[in-house]
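The values are calculated or read from the model by the stated rules, or taken from the named source; none is laboratory data. The shown structure was predicted, so the numbers you read here are calculated from the model rather than taken from an experiment. With ideal geometry, Cβ positions are generated from the backbone for all residues, glycine too; neighbour counts draw on all protein chains shown. Note: accessible area is taken over every heavy atom of the protein model, side chains too, but ligands, DNA and RNA are not part of it. Shrake-Rupley method; radii C 1.70, N 1.55, O 1.52, S 1.80 Å.
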Amino acid sequence: SNLRKGDVIDWKGKKHTVIKNSQNITNRKAFAVLELRDVQAGTKKNEKLRVEEKLEKIWVESIKMSFLYDDGKTAAFQHPETFEMVHSDSVCNQRSTTMKDEAQDLR
């Protein structure tokens, strides 16, 4: 497959980030072993796919935003140019500390 580290794919109805992609051949059969991280849950898993299987990448735009606050249920961010505020509840519980640290590095 043409997937690279950091690509986001839709796998079994959930969005996953590709951590590692390796190609293997055994008994004349080629397959790819993908190490994936569930974007929402943060869990890692390995999936073995036939090389012929087609996976579609999800277009993801990366924008550096300023961290505003975390109230325990949601985290608030602000776009640096438009000043639009964005709330996220999917990353708050597991990764808010990491995001706070990264936001301080942007200042």
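Applying a threshold of 19 Å to the alpha-carbon distances of Lys14/Lys73; Lys5/Lys54; Lys5/Lys73 flags Lys14/Lys73; Lys5/Lys73 as lying beyond it.
Across the accessible surface of the range 1-88, with the other protein chains kept in place and a 1.4 Å probe, carbon and sulfur atoms take up 49 percent.
Over the range 12-58, Cα pairs under 8 Å with separation of 6+ residues give a relative contact order of 31 percent.
Using only side-chain charges placed at the Cβ, +1 for Lys and Arg and -1 for Asp and Glu, the dipole size of the range 43-87 relative to its Cα centre rounds to 360 debye.
With the whole protein complex present, Ile63 retains an accessible surface near 80 Å², based on a 1.4 Å probe.
Our coupling estimate for the range 11-22, obtained by passing each phi through the Karplus curve with A = 6.51, B = -1.76, C = 1.60 and θ = phi - 60°, is 10, 6, x, 10, 7, 10, 9, 6, 8, 8, 9, 10 Hz, Gly and Pro reported as x.
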